[in-house]
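Report on the following structure.
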Amino acid sequence: MIDWEAVRTEVTGHLQALIRIDTTNPPGNESEAARYLAGILRQEGFDPLFVESAPRRGNILARLSGGDEPPLMLLGHTDVVAAEPEHWTHPPFSGTLADGCVWGRGALDMKNMVAANLMVLLLLQREGVQLNRDLVFAATADEEAGKGNHGPGWIIDNRPELWDAPLIITEGGGSDFAVGEQRFYTCQTGQKGLCRLRLIARGAPGHGSMPHGDSAIVKLSKALAGLEGAVFPAHISASVRRFVEGIASRRPAPEAARWQQVLDPETSDTARRDLPIGNTLRRELGAVLHNTASATMVQAGSKINVIPGEATAWIDGRLVPGQTAESFTTELRAFVGEEVAIEIDQYTPPLEASSDTSLFQTIVEVMQEREPDAPVLPYLMPAGTDAKHIVPRRPETQIYGFMPYRQQPGEEEMSLIHGHDERTPVQELLFATQVLYEIVCRFGGVENR
């Protein structure tokens, strides 16, 4: 019998220890976190594999051997984004335990899940659980920098024999939300693609005292003005369809009809505006129904008295499943006009896993037993996870984002991730550990014990 109060203390301690290792990316320093995890795993009888893609950019993998079914991986990244200590109640790398929460950068993104995944692996080993498949624990580097040159992508490219799991649970879903009084949980089945590009306007250079009608800056300004309030065409992915249908099935008939209208590209935007929901969910729905383009950086000129011959804006483009770089730039061109060149710097395709798999159904069943009145819905993430480095290299991989988290007022996940005073309640860390343990046991052919 597992002593869950002891687990609460242990998993909390692991999270605190991980937060106290500053793995801000850049530069990363994930090797220190990987070595900490390797030490714990060795103490428990595992033979962890430590691999560095570059000095201090370490990854750790460990395996609990089981039966012949395809392996399942519990994946988390150990790097974090930068913090501004002067704006925090407790120092961001202190791992302070206060007000029932562990405070620090990575407490939600995503050292909490790394600690929970580690705890699941340790408990299975201690309990002598024999799964029908291998369970792989992976704590990897370089998710936050976007290109993933030191984490899963590097491992697959350089040590492909180490990455054999076609089924993965990682970050990106699991938090609850409410529509009216009805609660739901999310399980990420997809994420939008990435198309980072530059808009480049060219004109005639000259002296600032002699203006002319061929200004690169003016051309670029016109192009960017076209993005203000731009609404790209609606594209309904399978994940969004099931998400919206799941909500509609639990709402009163008149409201349910409006939810269904969201799934018709002709009425989608009007119906979304009319839904009785908060602005956060409304904006998120808009993001997952459309391709989006956000201007994030602008550069032009170097001297006050020189008219530059070139002006550049950087665009963060996000693509819904089914869209490509070509289809996105065609839509973008309609808003920015013909006076700018479009040059793509980085592209990763949108991803979508099936919600008809046994792993997804196991997640649904476990949560239904714990929260029978809060169904789990497939979820398309507007941003990205390490899945974007894995699936293009291993297209057969099915990746699900699920770290259960019951949100409380003032502790909403998305308001704390990458923000000041990031923290996670200890009770939620224990809840997630228990749920993930049940999911792994049941999916591994063993009833939780």
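Some points to look at:
A quick yes/no check of all residues on (1) modelled with pLDDT under 95; (2) under 21 Å from the mean Cα position of the chain (by Cα); (3) closer than 23 Å to Leu64 by Cα:
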{"site": "Glu369", "(1), (2), (3)": "no, no, no"}
{"site": "Arg394", "(1), (2), (3)": "no, yes, yes"}
{"site": "Ile399", "(1), (2), (3)": "no, yes, yes"}
{"site": "Glu428", "(1), (2), (3)": "no, yes, no"}
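- Search result, residues across the range 261-279 that are under 15 Å from His235 (Cα atoms) and surrounded by fewer than 14 Cβ atoms within 10 Å (Cβ to Cβ): Asp264, Pro265, Glu266, Thr270
- Candidates Gly410, Gly419, Gly401, Gly337 - the one that is touching a residue at least 60 places away in the same chain (Cβ under 8 Å), of a type outside the set (S, T, N, Q) and out of contact with any helix residue (DSSP H, G or I) (no Cβ under 7 Å at 6 or more places or on another chain): Gly401
- Selection within the range 391-442: residues that are in a helix (DSSP H, G or I) and among the β-branched types (Val, Ile, Thr). The member of this set that is surrounded by the fewest Cβ atoms within 10 Å (Cβ to Cβ) is Val426.
- Close Cβ contacts (under 8 Å, 6 or more residues apart or on different chains) running from residues in the range 60-85 that are touching a residue at least 12 places away in the same chain (Cβ under 8 Å) and not assigned by TED's automatic domain parsing to the domain that holds Ile417 to residues that are of a type in the set (D, E, K, R) and part of a loop (DSSP other than H, G, I, E, B) are absent.
- Single residue of the range 71-121 satisfying the filter (among the hydrophobic types (A, V, I, L, M, F, W, C), surrounded by fewer than 21 Cβ atoms within 10 Å (Cβ to Cβ) and touching an Asp or Glu at 6+ places or on another chain (Cβ under 6 Å)) that is nearest to Thr170 (Cα to Cα): Val81
- Helices (runs of 4 or more DSSP H) wholly inside the range 163-278 containing at least 2 residues that are in the same structural domain as Ala145 (by TED's automatic domain parsing) and of a type in the set (Phe, Trp, Tyr): none
- Odd one out for Met1, checked against (1) more than 21 Å from Asn149 (Cβ to Cβ); (2) assigned to a loop (DSSP other than H, G, I, E, B); (3) under 25 Å from the mean Cα position of the chain (by Cα): (3)
- Subset of the range 265-305 that is in contact with a helix residue (DSSP H, G or I) (Cβ under 7 Å, 6 or more places away or on another chain) and among the β-branched types (Val, Ile, Thr) - its residue that is farthest from Thr329 (Cα to Cα): Thr267
- Selection over the range 280-299 of residues that are surrounded by 15 or more Cβ atoms within 10 Å (Cβ to Cβ) and over 24 Å from Arg241 (Cβ atoms) gives a count of 1.
- Qualifying residue in the range 300-321 (condition: touching a Phe, Trp or Tyr at 6+ places or on another chain (Cβ under 9 Å), of a type outside the set (Lys, Arg) and surrounded by fewer than 19 Cβ atoms within 10 Å (Cβ to Cβ)): no
The values are calculated or read from the model by the stated rules, or taken from the named source; none is laboratory data. Since this is a predicted model, take the numbers as computed values, not measurements. Don't worry about glycine lacking a Cβ; one is built from the backbone with ideal geometry, like all the others, and counts go over all protein chains shown.
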